Amino acid sequence: MSFINYAAREINCKLVYYGPGLCGKTTNLQYIYKMVDPGTKGKLISLATETERTLFFDFLPLELGTVRGFKTRFHLYTVPGQIFYEASRKLILKGADGVVFVADSQIDRVEANIQSLADMNQHLKEQALDPEKIPLVVQYNKRDLPKVVPIDELQKALNPRNLPWFEGIAPEGKGVFETLKALAKLVLQELQRKT
Amino acid sequence: MPSIANFVIYEEDLSRINACLSALQHKARSSAVLLIDTSGQLIASAGETDRLDTTPLASLAAGSIAAAGALAQLLGEQEFSFVFYDGERKRLHLSVIGRQAIILVLLDQNTAIPLVRLQVKKFSKEMERIFIDLAKRPEPAAGSGRSFSEAGIGKITEDDVENLFKKR
């Protein structure tokens, strides 16, 4: 749910990173946290297990600057990817303004990606969000690993609408800011269209 | 309560909300009160919030309320009316207004909890009335009301987005 505060001249948007377990959602946020100027970010909050698997969500507030005089804040969330945290994933999508679907490019994760995408579309509907209309960007992560699916095959399986997509190597930052920037742009355009 | 999706507030709305929050903060003898939307964004606050990191507080409070709601449904309850955290020095009282917003009341160990619950109930009703008024306000028609562009933003361009990411 975007929140525009005309009194304080602020725009707040919620962006969610979704994808199968171990696809690199948290790594995206960690890289962003590492690279942005200290003055523009809040604390990175990770509700994780002892083995650093996301238990509920990660949260990173970013205040990158102003758009036309409005302070613009993006609240980045990840969902827990493991299958049995389905109930939590649904909760995090509530009020999302935009979603990054982080796919794991490895051959043996094709099924997990497809299942996660179907799960995401279902949960968006349950949160009264239209999967066809919500701003969405796809990131094909782990492109540096040896056994990866060619991009055109991933596109056919996961992005038939040819939404904006990026190749990613999240620990090195490849594609991380490109993905975020593309989603930010879509979300701000949608916000402008609605208001 | 009506939906506050794509929530927009103006100066006069914020004044009403702030007045309501300040009164609650005073009457509940709380150190701070936060109004949060259920997706985790802070709408307004009152009291001693300078030393609080309100952004993650809002996000975590929304997560807590969402988890409580899901737990309630699993147990066949429609909802749990409030969530209460009791620490050595601080206490937190979280409750939902309608289905769209959360009131977080920060307390110390000297506060009488029944008093807090009574005041939260009372001010929740007042807050609901404010939201109903907000929802009744006509949508700004293109070229007529206080649309996004007429409030001084204008069209958001590619350059605007580029500039946001330049200084990171």
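Name the residues in the stretch B:30-59 that are facing another protein chain (nearest Cβ under 9 Å) and β-branched (Val, Ile, Thr), would you?
Once the filter is applied, which keeps residues that are facing another protein chain (nearest Cβ under 9 Å) and β-branched (Val, Ile, Thr), the stretch B:30-59 yields B:THR38, B:ILE43, B:THR55.
Looking at (1) over 21 Å from A:LYS43 (Cβ atoms); (2) within 14 Å of the chain's Cα centre (by Cα); (3) facing chain A (nearest Cβ under 10 Å); (4) assigned to a helix (DSSP H, G or I), which one does B:ALA19 not meet, given that it meets all the others?
Among (1) over 21 Å from A:LYS43 (Cβ atoms); (2) within 14 Å of the chain's Cα centre (by Cα); (3) facing chain A (nearest Cβ under 10 Å); (4) assigned to a helix (DSSP H, G or I), the lone unmet condition for B:ALA19 is (3).
Residues are listed down the side, and each one gets a yes or a no for (1) outside any helix (DSSP H, G or I); (2) at pLDDT below 95; (3) not basic (Lys, Arg):
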| residue | (1), (2), (3) |
| --- | --- |
| A:LEU47 | yes, yes, yes |
| A:THR66 | yes, yes, yes |
| A:LEU76 | yes, no, yes |
| A:SER88 | no, yes, yes |
| A:ALA96 | yes, no, yes |
| A:VAL102 | yes, no, yes |
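Hey, can you tell me all the residues within the stretch A:1-38 that are basic (Lys, Arg), over 10 Å from the mean Cα position of the chain (by Cα) and more than 14 Å from chain B (Cβ to nearest Cβ)? Show your work before the answer.
Taking the stretch A:1-38 first, the residues basic (Lys, Arg) are A:9, A:14, A:25, A:34.
The next check asks that each one be over 10 Å from the mean Cα position of the chain (by Cα); those that pass are A:9, A:34.
Of everything in the stretch A:1-38, nothing turns out to be basic (Lys, Arg), over 10 Å from the mean Cα position of the chain (by Cα) and more than 14 Å from chain B (Cβ to nearest Cβ).
Given the options A:LYS133, A:LYS71, name the one that is in a strand (DSSP E or B), of a type in the set (Lys, Arg) and either within 30 Å of A:PHE3 (Cα to Cα) or away from chain B (no Cβ under 12 Å) (or both). Before you say what the answer is, go through the steps one by one.
On the way: A:LYS133 fails: in a strand (DSSP E or B).
So the residue among A:LYS133, A:LYS71 that is in a strand (DSSP E or B), of a type in the set (Lys, Arg) and either within 30 Å of A:PHE3 (Cα to Cα) or away from chain B (no Cβ under 12 Å) (or both) is A:LYS71.
If I ask for residues that are at pLDDT below 90, touching a helix residue (DSSP H, G or I) at 6+ places or on another chain (Cβ under 8 Å) and surrounded by fewer than 20 Cβ atoms within 10 Å (Cβ to Cβ), which ones from the stretch B:1-42 would you list?
Passing the criteria: B:MET1, B:PRO2, B:SER3, B:ASN6.
Report yes if some residue within the stretch A:156-170 is within 14 Å of chain B (Cβ to nearest Cβ), under 20 Å from B:LYS166 (Cα atoms) and in contact (Cβ under 8 Å) with a residue 60 or more places away in the chain; otherwise report no.
There is no residue in the stretch A:156-170 that is within 14 Å of chain B (Cβ to nearest Cβ), under 20 Å from B:LYS166 (Cα atoms) and in contact (Cβ under 8 Å) with a residue 60 or more places away in the chain.
Could you tell me whether B:SER64 is under 18 Å from B:LYS122 (Cα atoms), within 12 Å of chain A (Cβ to nearest Cβ) and hydroxyl-bearing (Ser, Thr, Tyr)?
Working: under 18 Å from B:LYS122 (Cα atoms): no; within 12 Å of chain A (Cβ to nearest Cβ): yes; hydroxyl-bearing (Ser, Thr, Tyr): yes.
So B:SER64 fails the test.
Within the bounds of the stretch A:32-42, is there any residue that is in contact (Cβ under 8 Å) with a residue 12 or more places away in the chain, buried (at least 22 other Cβ atoms within 10 Å of the Cβ), touching a helix residue (DSSP H, G or I) at 6+ places or on another chain (Cβ under 8 Å) and outside any helix (DSSP H, G or I)?
Of all residues in the stretch A:32-42, those in contact (Cβ under 8 Å) with a residue 12 or more places away in the chain come to A:32-33, A:35-36, A:40-42.
If we keep only those that are buried (at least 22 other Cβ atoms within 10 Å of the Cβ) as well, we get A:32.
Remaining after also requiring touching a helix residue (DSSP H, G or I) at 6+ places or on another chain (Cβ under 8 Å): A:32.
Checking which are outside any helix (DSSP H, G or I) leaves us with none.
No, because not a single residue in the stretch A:32-42 is in contact (Cβ under 8 Å) with a residue 12 or more places away in the chain, buried (at least 22 other Cβ atoms within 10 Å of the Cβ), touching a helix residue (DSSP H, G or I) at 6+ places or on another chain (Cβ under 8 Å) and outside any helix (DSSP H, G or I).
Just checking, how many residues over the stretch B:69-101 are hydrophobic (A, V, I, L, M, F, W, C), at pLDDT below 95 and touching a Leu at 6+ places or on another chain (Cβ under 9 Å)?
5
Which members of the stretch A:97-118 meet the condition of being in contact (Cβ under 8 Å) with a residue 24 or more places away in the chain and under 18 Å from A:ARG161 (Cβ atoms)? Write out each step before concluding.
If we filter the stretch A:97-118 for residues that are in contact (Cβ under 8 Å) with a residue 24 or more places away in the chain, which is where we start, we get A:97-110, A:112-117.
Across the stretch A:97-118, the qualifying residues are A:GLY98, A:VAL99, A:VAL100, A:PHE101, A:VAL102, A:ALA103, A:ASN113, A:ILE114, A:SER116, A:LEU117.
The values are calculated or read from the model by the stated rules, or taken from the named source; none is laboratory data. Bear in mind that the values here come from a model prediction, so they are computed numbers and not experimental data. Backbone-built Cβ (ideal geometry, glycine too); neighbour counts: all protein chains shown.
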